[in-house]
1. Given R₀ = 22 Å, what would the calculated FRET efficiency be for residue 41 paired with residue 148, taking r from the Cβ atoms and rounding to 0.05?
2. Just to confirm, what accessible area per residue do you get for segment 67-132 at 1.4 Å probe, in whole Å²?
3. Could you compute the FRET efficiency for residue 80 and residue 217, with r as their C-beta to C-beta distance and R0 at 35 Å, rounded to 0.05?
4. Obtain the nm distance between the two label points defined at residue 139 and residue 125 by a simple spin-label model: each point lies 7 Å from its Cα along the Cα-to-C-beta direction.
5. Please give the per residue accessible area of segment 177-217, computed with a probe of 1.4 Å over protein heavy atoms only, in Å².
6. For residue 76, enumerate residues with amide H under 5 Å from its amide H, sequence gap 5+ or separate chain, H modeled in the peptide plane.
7. Using 0.36 nm times the number of residues separating residue 31 and residue 110, minus their current alpha carbon distance, what extension gain do you get?
8. Please report, as a whole percent, how much of the solvent-accessible surface of segment 142-212 comes from carbon and sulfur atoms (probe radius 1.4 Å).
Amino acid sequence: MNKITLALAMGAGLVLSAAAPTAHATPIVQQLDAPDISASAFNSLFKPIAEAPPITAEYRFINTPLTGVVQSQVLEGTGAYAGVYAYAYQFGVKNVTDSSGEPTSVNSASLQFNATPTRADLLGTGGPGSAVFVVKDGTVGGLSLPAASPGSVVQAPSSIAWLPGDKTGALTFQYLDATKSTDPLGAGATSGTIVVLTTEKWTNKLVSLQNANPQIVYPSAYASEGGPIQEVPVPEPSTVLAWAGMIAAAGVVQRRRSRRAV
């Protein structure tokens with residue numbers, strides 16, 4: 001094995017060993033892919049549950065009037081998706097300003113979610129599917145129709161993070177992201193509906209929302225409880241592509257060295 005190939009192999013081994021879980025490892029934050037799905041396609045696969053009707057709960061930031069609402073509902077899968085629960089979330093921001101006259105907004109939202117999200121191929125691509133989907137073009141269950149803030153478009157999070165801890169898990173829906181040049185959820189907006197899949201039933205948890213003004217009223221929303229808390233087992237597509245790229249790069253280096261040797 002030549003030196004470059006050996007170095008690549010050793011580097012890949014070090015990366016894999018660093019990524020492997022250990023007894024005292026810091027929890028790994030996973031970014032979950034969240035493809036769009038149409039309201040009609042989603043509603044053909046999941047139906048509302050009488051025991052988990054829509055919840056609309058208010059939140060407020062300091063120095064701001066009633067700031068908005070968090071809506072949530074649990075739906076259950078039908079047919080091939082029987083036994084899967086869909087936790088639907090929607091964030092609404094009222095068209096109000098804070099005491100300085102600045103229009104309010106939401107940078108991110110987070111809540112405990114104590115069961116590992118479950119992947120499902122709702123789009124019928126034949127792949128591992130996703131654990132999170134976003135609906136922008138219609139209503140899900142009894143939630144509101146997504147709406148854009150003035151001069152904007154219907155917004156979805158720029159990223160969705162899953163943090164599996166030792167005892168609890170957490171989901172974070174990030175809107176404001178300087179690295180991706182994405183804006184906060186603006187005043188007057190009703191977000192696209194975010195659907196998180198799992199096989200565990202529900203309880204209620206408080207939701208933490210963020211902007212420059214501290215939160216003083218906390219809404220409640222449905223969240224999963226009682227399931228295993230671990231990393232989402234199937235690698236993200238971006239991770240698979242990244243490793244494929246590394247392997248391809250190693251192959252290119254090897255071919256170039258072989259041609260030079262000839």
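1. Between residue 41 and residue 148 the formula returns 0.55.
2. Accessible surface, normalised per residue, equals 33 Å².
3. 0.30
4. It is 3.0 nm.
5. 46
6. 47, 49, 86
7. Values: separation 79, 0.36 × 79 = 28.44 nm, distance 1.38 nm.
That works out to 27.1 nm of additional length.
8. Of the solvent-accessible surface of segment 142-212, carbon and sulfur hold 51 percent.
The values are calculated or read from the model by the stated rules, or taken from the named source; none is laboratory data. Since the model is a prediction, treat every value here as computed from it, not as a measurement. All Cβ positions, glycine included, derive from the backbone under ideal geometry; neighbour counts span all protein chains shown. We work out accessible area using only protein heavy atoms, side chains counted, and drop any ligands, DNA or RNA first. Shrake-Rupley method; radii C 1.70, N 1.55, O 1.52, S 1.80 Å.
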